[in-house]
Ligand code: SAH
């Protein structure tokens with residue numbers, strides 16, 4: 001029985017159940033889950049119940065479990081090391097607990113900490129690594145919530161890492177019999193490239209790196225690296241788990257002005273932050289200088305995160321940055337992000353493709369006059385094609401007139417999404433022929449993404465985030481907006 005409060009903390013333990021008998025009382029879905037977990041731990045499982053649910057019945061038939069049929073009998077506990085009471089009858093569960101107590105068999109009663117001699121923790125599993133979480137039995141939902149939080153923090157390479165380390169344990173001990181040197185070796189290993197290589201699913205490279213590290217003496221390891229991380233459009237909820245991890249491990253963060261403050265706030269507190277944002281219309285840090293900064297910090301052994309708005313490979317010059325790193329032999333990774341077209345469409349309620357309205361999607365940049373001069377306008381004016389135009393705010397006049405001149409209908413719907421996914425998001429909609437005028441009336445400024453195509457009309461119906469789209473009537477007086 002659980003002792004009365006204030007209770008001392010529970011004593012945690014990881015039990016080796018291989019070949020040991022465990023009893024589950026109950027034959028329903030919960031009992032099945034418990035039996036399965038015990039089987040996975042290598043236990044011999046006996047299930048006592050009047051009736052077994054179908055899968056348990058199959059397991060009994062196949063000899064995976066032993067079935068004792070009928071009402072609970074304390075003799076079921078014979079030879080068992082532990083038992084789980086998982087019936088839906090509280091009195092039966094308590095009887096199991098009492099019988100266990102009398103025979104010194106550890107009993108857990110599902111969802112009843114009071115009657116339980118032991119509890120099964122919520123856990124995060126990565127191969128042989130297990131993190132067990134207990135709320136002391138009183139607040140299993142809290143433990144489950146913590147588990148979800150922790151699930152997000154560790155990727156599956158942790159399992160591969162644990163396997164590598166246990167496989168190599170003897171070699172490491174033999175190489176570094178001295179505990180202090182061994183500890184330094186582990187620090188270098190865990191802070192170095194090997195976890196990243198395992199994350200990239202390159203076990204052979206990781207093994208080579210391990211062998212090299214083991215052969216080397218305990219000299220400081222200076223290999224820095226760069227991770228190109230897509231920060232998404234602004235809403236920090238759209239950052240990927242991998243991006244979050246990279247931000248947590250960073251020593252230096254080089255960020256764009258499009259990477260939002262909310263995302264930056266998720267980064268390691270003591271990481272050095274350098275704003276290298278290039279603003280439209282000049283200013284900011286030139287590209288070659290960004291390359292130089294990345295290289296310089298990586299050479300100094302730092303873990304550098306290059307944080308870019310949206311996705312690094314969509315109008316983000318991520319390719320050039322990787323080429324610069326590659327030329328200098330600096331290790332890198334890329335973490336994709338939610339690009340503005342996808343995010344703005346989602347947050348404005350505009351499906352980019354639609355069985356009836358759009359069969360294809362084009363991502364286009366209208367950065368400056370030259371980039372538009374080279375455009376094959378005809379290819380952009382097909383019907384039932386969605387255009388997502390980046391960096392187009394200054395070029396709306398040209399976009400509107402050229403698209404119409406090359407054959408796109410003047411009444412093709414557009415949606416202009418300013419600050420997509422952010423608290424200040426605004427969406428302006430209307431016919432293509434009024435694009436520039438409406439943008440001017442509403443004072444739309446960068447960053448804004450333009451969507452042109454039949455699907456844009458759906459914003460009026462499907463919007464769900466922030467204010468409804470601004471749909472002013474043509475030639476309406478300034479500031480008059482009909483929702
Ligand atoms: N790599 C980025 C794009 C960089 S180009 C990505 O994948 O999203 C910069 C342009 O992206 C801006 O001019 C604007 O058109 C668009 N953009 C980025 N974030 C945006 C946001 N939150 N809302 C609207 N447009 C955005």
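What follows draws every value from the coordinates through simple rules; no lab data is involved. Not measured: the values here are computed from a predicted model. Every residue, glycine as well, gets a Cβ built from its backbone with ideal geometry; the counts of neighbours run over all protein chains shown.
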Segment residue 79-residue 382, extension gain: residue separation times 0.36 nm, minus the distance between their alpha carbons: 101.5 nm
Computed E for residue 150/residue 190 - FRET, C-beta separation, R0 22 angstrom, nearest 0.05: 0.75
Distance between modelled label sites at residue 171 and residue 300, nm, 7 Å Cα→Cβ extension: 3.5 nm
Cα gyration tensor of the range 187-259 - equivalent ellipsoid semi-axes, whole Å, descending: 30, 14, 8
The range 304-389: radius of gyration over Cα atoms, expressed as a fraction of 2.2 N^0.38 Å: 1.35
Semi-axis lengths (Å, descending) of the ellipsoid that matches the C-alpha gyration tensor of the range 60-149: 26, 17, 12
Expected 222 nm ellipticity per residue - DSSP helices of 4 or more, -39500 (n - 2.57), all of the chain, to 500: -10000 deg cm²/dmol
Isotropic mean projected area of the C-alpha convex hull, the range 157-214 (nm²): 3.4 nm²
Simple spin-label estimate for residue 13 and residue 467 in nanometres, 7 Å along Cα-Cβ: 6.4 nm
Calculated P(r) tail over 15 Å for the range 319-360, as whole % of Cα pairs: 62 percent
Segments 450-457, 166-173, 76-83, 9-16 sorted - mean Cβ within 10 Å per residue, highest first: 450-457, 76-83, 166-173, 9-16
Acute angle (nearest 10 degrees) that the helix 396-405 long axis makes with the longest principal axis of the chain, alpha-carbon atoms: 80 degrees
5 Å binning of all Cα-Cα separations within the range 109-202, expressed as whole percents from 0 upward: 3, 12, 16, 16, 14, 12, 10, 9, 6, 2, 0
Shape metrics for the chain, restricted to C-alpha atoms - Rg then Dmax, Å: 30.4, 90
Using a Förster distance of 25 Å, the FRET efficiency for residue 101-residue 62 (Cβ separation, nearest 0.05): 0.15
In degrees, nearest ten, helix 318-327 long axis to first principal axis of the chain (Cα): 70 degrees
Degrees, to the nearest 10: 157-167 long Cα axis against longest axis of the chain: 50 degrees
Using distinct alpha-carbon pairs, which all enter the 1/r mean, Kirkwood radius of the range 225-338 in Å: 13.6 Å
Residues 347, 465, sorted so that the one with the fewest Cβ neighbours within 10 Å comes first: 465, 347
Using a Förster distance of 35 Å, the FRET efficiency for residue 200-residue 120 (Cβ separation, nearest 0.05): 0.55
Relative counts (whole %) of C-alpha pair distances in the range 341-482, using bins that are 5 Å wide: 2, 11, 22, 25, 22, 12, 5, 1
Rotationally averaged projected area of the range 1-142 (alpha carbon convex hull; nm²): 8.7 nm²
